[in-house]
Amino acid sequence: MARYNVPPLENLVEQFEKMPGIGHKTAQRLAYYVLNLSDAQADEFAKAVIDAHTKIHYCSKCCNLTDKDICPVCADVTRDHSVICVVETPRDATAVENTHEFKGVYHVLHGAISPLNDVGPDNLTIKELISRLADDSVKEVIMATNPTVEGDATALYISKLLKPMGVKVTRLAYGIPVGGDLEYADEYTLAKALEGRSEI
């Protein structure tokens, strides 16, 4: 019996499967969704992908994603430019921004130091971060890298570079999540929560 095979559809499914977190079944659903779009909707979808790919680049200051030379956060004069929150990815900057609590600016590293994955300090935007401290206007750098071995190593590496420059370097507190139960927390999380305890 001949195998049911539509090469353009299979290619579309394969393209969706390359996306992080997308398995074969989800890729198939997305492919069939795209096939059911009208010609105008398909053109709009394709244009959105191409526009995002060609127009979005790194902000010349913070290395976050933007379609301008300087991103809206860096261009905002009402933000506190003396406090920089250092994150691993643009998604992390968005997560912090969505709290509506942080009023400073960001710096996106685009990764974390990971010798096993051949990612060293030169593969990150650490030099760009250091150049931002040249005029002595920055008073604090908040290391908001992920609480992983790589994230901790990156935070420690950067803090050692910044301390001699007289800049206050802090690390995001981490530990027990709000609404969480102690009995379900792993030992590492509990240890970090104890280490980062604060007075009430």
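The values are calculated or read from the model by the stated rules, or taken from the named source; none is laboratory data. Source: prediction; values computed, not measured. We place every Cβ from the backbone using ideal geometry, glycine too, and count neighbours over all the protein chains shown. In case anyone asks, the SASA skips ligands and DNA or RNA and just uses the protein heavy atoms, side chains included. Shrake-Rupley method; radii C 1.70, N 1.55, O 1.52, S 1.80 Å.
Computed about its Cα centre, the charge dipole of region 70-148 is approximately 60 debye, with only Lys, Arg, Asp and Glu carrying charge at their Cβ.
If R0 is taken as 25 Å, the Cβ-Cβ distance between E183 and T26 corresponds to a FRET efficiency of 0.15. Taking GluC sites (Glu not before Pro) across region 100-200, the ones in a DSSP loop with at most 10 further Cβ atoms lying within 10 angstrom of their Cβ are E101, E199.
Take each peptide in 86-96, 67-77, count the other Cβ atoms within 10 Å of every residue, and average; sorted highest first, the result is 86-96, 67-77. Among H24, H57, H81, the residue with the largest mean-square fluctuation in a Gaussian network model of the chain, with springs joining Cα atoms closer than 10 Å, is H24. For the listed residue pairs K47/K68; K103/K168; K68/K168; K55/K139; K163/K192, the alpha carbons are over 21 angstrom apart in K68/K168; K55/K139; K163/K192.
Extension gain, A42 to R197: 0.36 nm times the residue separation minus the Cα-Cα distance gives 50.5 nm.
Expressed as a whole percent, the accessible area of region 1-153 that falls on carbon and sulfur atoms is 58 (1.4 Å probe). Remark: spin-label model distance K18-R79 equals 3.2 nm, labels positioned 7 Å along the Cα→Cβ axis. Which residue, S60, A27, F102, has the largest displacement toward the positive end of the dipole of the chain when charges sit on each Cβ (Lys, Arg +1; Asp, Glu -1)? The listed residue farthest towards the positive side: S60. Considering helices alone, the calculated mean residue ellipticity of the chain at 222 nm is -12000 deg cm²/dmol, with DSSP H runs of length four and up weighted by -39500 (n - 2.57) and normalised per residue. Applied to region 100-117, the Karplus parametrisation 6.51 cos²θ - 1.76 cosθ + 1.60 on θ = phi - 60° returns per-residue 3J(HN,Hα) values of 6, 9, 8, 10, x, 10, 10, 9, 9, 7, 6, x, 9, 4, 8, x, 5, 9 Hz, with x for Gly and Pro. Placing unit charges on the Cβ atoms only, positive for Lys and Arg and negative for Asp and Glu, gives region 1-107 a dipole magnitude near 180 debye about its Cα centre.
Note on S137 and E10: their simple-model spin labels are 5.7 nm apart, each label 7 Å out from Cα toward Cβ. Extending 7 Å from the Cα toward the beta-carbon at both A153 and N117 defines two label points whose distance is 1.1 nm. Using only Cα positions of region 25-181, each an equal point scatterer, no hydration layer, compute I(q)/I(0) via Debye at q = 0.14 Å⁻¹ and quote the log10 values to two decimals. Reported log10 I(q)/I(0), two decimals: -0.80. Computed from phi, the 3J(HN,Hα) profile of region 75-90 under the Karplus parametrisation 6.51, -1.76, 1.60 (θ = phi - 60°) reads 7, 7, 6, 7, 6, 8, 7, 8, 10, 10, 9, 8, 10, 7, 9, x Hz, with x in place of Gly and Pro. Projecting the Cα atoms of H81, G196, A134 onto the charge dipole of the chain (Cβ charges, centred on the Cα centre) puts A134 farthest toward the positive pole. Of all DSSP bridge pairs formed entirely within the chain, close to 20 percent run antiparallel. Largest mean-square fluctuation among A173, A27, A153, in a Gaussian network model of the chain whose springs join Cα atoms under 10 Å apart, belongs to A27. Summing Cβ point charges (Lys, Arg +1; Asp, Glu -1) relative to the Cα centre of the chain gives a dipole of roughly 260 debye.
Across the protein chains, with a 1.4 Å probe defining accessible surface, the residues S114, S137 rank S137, S114 from largest area downward.
Ordering G179, N146, L162 by the projection of their Cα atoms onto the charge dipole of region 140-200, which places +1 on the Cβ of Lys and Arg and -1 on the Cβ of Asp and Glu, puts L162 at the extreme positive end. In this structure the amide hydrogen of L65, modeled in the peptide plane, comes within under 5 Å of the amide hydrogens of C59, none closer than 5 places in sequence on its chain.
Probe of 1.4 angstrom, ligands and nucleic acids ignored: what's the accessible area per residue over the chain, in square angstrom?
With the other protein chains kept in place, the chain gives 69 Å² per residue.
Amide H to amide H, with H built 1.01 Å from N, R171 comes under 5 Å of M143, counting only residues 5 or more places away or on other chains. Amide H to amide H, with H built 1.01 Å from N, E88 comes under 5 Å of L109, N146, counting only residues 5 or more places away or on other chains.
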